[in-house]
Structure formats: structure tokens, C-alpha cells
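This report concerns only the one structure given below.
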Amino acid sequence: METLAIKSTLDISKIRKQFPILNQQVNGKPLIYLDNAATNQKPQRVIDALTAYYEQDNANIHRGIHTLAERATKAYEATRNSMQTFIGAKHVEEIIFTRGVTESVNLVASSYGRAFLKAGDEVIISGMEHHSNIVPWQMICEEKGAIVKVIPVSEVGELDLDSYQKLISNKTKIVAVNHASNSLGTINPIKEIIDIAHQQDAVVLIDGAQASAHLTINVQELDCDFYCISSHKMYGPTGTGILYGKKELLEKMPPYMGGGEMIKEVTFAKTTYNDLPYKFEAGTPNIADVIALNEAISFINELGKENIAAHEAELLAYTTEKLSNIPHVKLIGTAKNKVGVQSFIVDGIHHFDIGQMLDARGIAVRTGHHCTQPLMDQFGIEGTVRASYAIYNTKAEVDQLAEGLERIVKFLK
């Protein structure tokens with residue numbers, strides 16, 4: 001497994017103090033939160049931003065001319081500007097606020113897919129996709145008579161790019177893959193995947209849910225057509241996120257939902273639609289959470305993604321070493337290039353039972369198929385235990401995880 005050459009210089013104990021939820025006991029033990037791939041915790045500044053909006057600025061945005069509405073609108077649009085810089089978008093109107101990656105993928109599948117897919121066209125996804133990047137494509141392909149094809153995954157959890165080269169053709173209209181796997185941690189070679197797709201004039205959507213808090217993202221350098229992010233996996237609130245889309249594509253796409261804000265003029269005879277980005281932002285949005293997302297972006301920027309990635313790489317390498325030495329523990333997903341996610345199983349003990357026994361020790365991990373059932377089927381398992389890391393995790397917490405597993409495997413003797 002490759003780890004970053006740089007070493008993190010961050011004071012993790014100081015960072016942990018910014019997360020009030022970590023200062024508690026679970027089942028009589030200090031909380032060890034290792035479920036960050038599902039959602040990570042929120043620093044106090046994000047929580048304060050939510051509270052401040054409702055205490056001081058609560059008003060609907062864009063259409064009001066009073067002071068509260070203007071303050072709320074300014075703060076809301078400030079997040080759009082910050083996200084443009086965060087991912088390197090060319091135009092601020094390429095940032096569409098959604099409820100997160102799931103809605104972003106559904107928006108593209110429903111709007112772009114419905115407008116441009118036809119019978120016999122092909123959509124390529126990978127074998128390690130989250131259900132939210134599988135089901136929407138199945139739905140639109142069934143409706144349009146198009147075909148879903150799948151890039152195979154190797155035994156170590158890496159995409160088979162040779163097979164991808166053979167799958168893609170002039171029938172391929174959309175390629176949709178994740179930047180990093182939520183269940184394996186694999187970082188995919190998305191730049192290469194994008195370049196190959198563009199040779200066939202296919203558009204590419206990247207699920208960036210597991211990348212946004214860990215990896216440097218520049219959508220112009222990647223040249224992806226769509227990129228999706230969920231706030232709650234980058235220290236921000238739940239229920240919000242973004243869809244990035246190239247301006248020329250978004251302008252060609254029909255609206256996803258109808259209602260207020262996404263219109264210029266409505267008559268009973270005809271409706272004309274609003275300009276970007278508002279064409280895709282019908283109704284009253286999740287104002288408070290979008291505003292608080294700006295604080296999460298600032299939090300990541302101030303720490304530096306290189307520092308975050310280096311710290312998590314150290315934890316992942318340490319976890320791999322620790323768990324590899326425990327009898328009956330089998331690591332699932334051993335790709336060379338990974339974010340801070342390690343899945344594993346324990347021979348003879350169901351993963352749910354492992355999760356419950358670890359929870360009794362205050363250790364929060366994720367168990368199950370992680371919304372990647374086809375991938376679990378490939379490995380011949382029902383699910384895994386998944387430990388996943390954020391900037392506030394420590395090697396001492398990894399030691400507690402390993403000690404807990406060592407105690408559990410004693411039941412097998």
C-alpha cells in the first residue's frame with residue numbers, strides 16, 4: 001500500500017478539542033469514532049454557523065429585499081463561491097446546490113440522461129460503485145432502452161482498466177465512477193478514466209463523496225463533466241452538497257424539478273426557465289446547512305488537504321499492520337492507493353456481531369454491505385466491518401480497535 005511521503009505536522013489533540021461530540025463516553029468507554037466514511041463529525045464552528053443563521057439571519061433567500069433576506073442570501077452565495085475555489089471550477093454558476101451526491105447523480109441521470117440517452121446507448125459504471133451511482137443509471141437506462149456495463153474489480157480492489165478499454169466504444173455516452181471507494185478505500189485513476197471516455201465523446205460523472213475531505217480536486221485539470229460532493233462527508237452538515245457540471249452541458253439540460261426560483265416567467269401558456277445555477281435549484285433550499293458548509297470548507301483549507309491526507313495515510317498504514325497480525329482477521333480491499341478506509345472480516349464471526357462487540361467498548365465502526373452489494377457479491381461475502389478515518393482519529397484509537405479484535409477472536413479458540 002502506498003502512503004504519502006509527507007508527514008503531517010498537525011496538532012491532533014488540539015484539533016480534537018474542536019469536535020464537541022468526541023468528548024463523551026459510550027457504554028462507559030471514551031468514544032472512538034471510526035465511521036467517517038458514512039459521515040464524519042462536525043467542528044464547533046460548523047455547529048455555531050447553523051445556530052447563528054437561525055438566531056440572527058433566518059429568512060428566505062434571493063427574493064427578499066429586507067435586511068435579513070439580504071444577509072442570508074449573501075452568506076448562502078458565499079458558500080457557492082468558496083466551493084468554486086475548493087474544486088477549481090471555472091464559473092461560479094457551475095456549482096449547483098443539492099442534497100448531496102445521491103441527488104446530484106439522480107439529477108444528471110434524470111436530466112442529462114433523459115434528454116440525451118437513446119435506445120442502444122451504453123452507460124459504463126464500475127463494480128465498486130455505491131448504490132447511489134448504480135440505481136439511477138439502471139432506472140434511466142430501463143426507461144430509454146440503454147444498457148449498463150460494468151468495469152470489473154480485481155481481487156485487491158482495483159479497477160481493471162484493460163477491461164474498461166475493451167468495454168468503451170462509440171455507443172458509450174456516459175461513464176460514472178467514484179473517485180474513491182466507500183467500502184474499499186481505493187482511489188481510482190479518474191484522470192485516465194476521463195481521458196479514455198472523452199476519446200469516445202462520452203461524458204463523465206465522478207462521485208466524489210469519499211474524496212472531498214481527503215484528496216485535492218481540480219475539476220478543470222481532471223476535465224470531468226460532472227463532479228458530485230456531499231457536505232456531511234467533509235465535516236459539514238447533512239442534507240446538502242453540490243453538483244458541479246460544465247456550463248455548456250448544464251445549459252443544454254432541462255430542469256430537474258419545477259417550482260419557485262427555477263423560473264424567469266410563468267404563465268398558463270408557457271414557462272421560461274431561470275439562468276444557471278438557479279435553473280436546477282427549485283424551491284426553498286437548505287439555507288442554514290449550505291451556509292454552515294462554508295465553515296467546513298474553511299476548516300479543511302486551514303488544515304491543508306496534504307496534511308489531512310498524510311495523517312490519514314499514517315493511520316491506514318498503522319491499521320493495516322495491526323490488523324494483519326491478528327489471527328482470523330482478513331483484510332478486504334488492499335489496493336496500493338487508498339483513502340483512510342479499511343474493511344475486514346473475522347472468520348467464524350458475523351460482521352454485525354463484531355460491530356456490536358466493538359460498540360460495547362465504545363468503538364463505532366460500520367458493518368454491512370455499505371451500499372455496495374454487487375461488490376460484496378464479487379468477494380463472496382455478505383458484508384464487512386469497516387473502519388474509516390478522519391483528521392481527529394489517532395493511533396491510540398487504532399490500538400483500541402486492535403485490542404478489541406484480539407479479545408473477540410479469543411472466542412474462536
Could you please find all residues in the range 159-172 being surrounded by fewer than 16 Cβ atoms within 10 Å (Cβ to Cβ) and free of Cβ contacts under 8 Å to residues at least 40 places away in the same chain?
Asp160, Leu161, Asp162, Gln165, Lys166, Asn170
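Taking the conditions exactly as written (polar (S, T, N, Q) and either free of Cβ contacts under 8 Å to residues at least 40 places away in the same chain or part of a helix (DSSP H, G or I) (or both)), does Thr284 satisfy them or not? Let's see the steps before the verdict.
Numbers: polar (S, T, N, Q): yes; either free of Cβ contacts under 8 Å to residues at least 40 places away in the same chain or part of a helix (DSSP H, G or I) (or both): no.
No: the conditions fail for Thr284.
Go through the range 232-263 residue by residue and tally those that are of a type in the set (Gly, Ala, Ser), farther than 17 Å from Val290 by Cβ and at pLDDT below 95.
Step one: of the range 232-263, the residues of a type in the set (Gly, Ala, Ser) are 236, 239, 241, 245, 258-260.
Filter once more, so that each one left must be farther than 17 Å from Val290 by Cβ: 245, 258-259.
Narrowing further to those that are at pLDDT below 95: 258-259.
Residues meeting the conditions: 2.
Return yes when Ala211 is of a type in the set (A, V, I, L, M, F, W, C) and not assigned by TED's automatic domain parsing to the domain that holds Arg63 and no when it is not. Spell out how you get there, then give the answer.
Numbers: of a type in the set (A, V, I, L, M, F, W, C): yes; not assigned by TED's automatic domain parsing to the domain that holds Arg63: no.
For Ala211, the condition - of a type in the set (A, V, I, L, M, F, W, C) and not assigned by TED's automatic domain parsing to the domain that holds Arg63 - is not met.
Considering the range 52-86 alone, what residues qualify as being outside any helix (DSSP H, G or I) and among the charged types (D, E, K, R)?
In the first step, residues of the range 52-86 are kept if they are outside any helix (DSSP H, G or I); the result is 58-66.
Scanning the range 52-86 gives a single hit, Arg63.
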Considering residues that are touching a residue at least 40 places away in the same chain (Cβ under 8 Å) and either over 23 Å from Lys166 (Cβ atoms) or among the charged types (D, E, K, R) (or both), the number found within the range 126-155 is 4
Checklist (1) touching a strand residue (DSSP E or B) at 6+ places or on another chain (Cβ under 6 Å); (2) modelled with pLDDT of 95 or more; (3) crowded, with 18+ Cβ neighbours inside 10 Å; (4) not acidic (Asp, Glu) applied to His351, failing item
(2)
Tally, over the range 29-55, of residues that are more than 30 Å from Ala360 (Cα to Cα) and of a type in the set (A, V, I, L, M)
3
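Condition check ((1) surrounded by fewer than 24 Cβ atoms within 10 Å (Cβ to Cβ); (2) in contact with a Cys (Cβ under 8 Å, 6 or more places away or on another chain); (3) modelled with pLDDT of 95 or more) across all residues:
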| residue | (1), (2), (3) |
| --- | --- |
| Ile174 | no, no, yes |
| Leu184 | no, no, yes |
| Lys191 | yes, no, yes |
| Ile194 | yes, yes, yes |
| Gln199 | yes, no, yes |
| Leu222 | yes, no, yes |
| Ser230 | no, no, yes |
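Here's a check for you: in the range 128-149, which residue that is among the β-branched types (Val, Ile, Thr) and in a helix (DSSP H, G or I) is nearest to Gly333 (Cα to Cα)? Working first, answer last.
Pass one, the range 128-149, residues among the β-branched types (Val, Ile, Thr): 134-135, 140, 147-148.
Then drop every residue that is not in a helix (DSSP H, G or I), which leaves 135, 140.
Working: Val135: 23, Ile140: 30 Å.
Among residues in the range 128-149 that are among the β-branched types (Val, Ile, Thr) and in a helix (DSSP H, G or I), the one nearest to Gly333 (Cα to Cα) is Val135.
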Condition first: over 24 Å from Ala288 (Cβ atoms) and either part of a loop (DSSP other than H, G, I, E, B) or modelled with pLDDT under 95 (or both). Now tell me which residues in the range 27-51 satisfy that.
Asn27, Gly28, Leu31, Leu34, Ala37
Let me spell it out: the conditions are (1) buried (at least 20 other Cβ atoms within 10 Å of the Cβ); (2) within 24 Å of Tyr389 (Cβ to Cβ); (3) among the hydrophobic types (A, V, I, L, M, F, W, C), and Val156 meets all of them except one. Which number is the exception?
(1)
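With Ile65, Ile21, Ile61 as the choices, which residue is surrounded by fewer than 17 Cβ atoms within 10 Å (Cβ to Cβ), more than 26 Å from the chain's Cα centre (by Cα) and among the aliphatic types (A, V, I, L, M)?
Ile65
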Please count how many residues of the range 260-289 are closer than 20 Å to Thr102 by Cβ and surrounded by fewer than 12 Cβ atoms within 10 Å (Cβ to Cβ).
1
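The values are calculated or read from the model by the stated rules, or taken from the named source; none is laboratory data. No experiment lies behind these values; they were computed from the predicted model shown. FYI the Cβ positions are ideal-geometry reconstructions off the backbone, even for glycines, and counts take in every protein chain you see.
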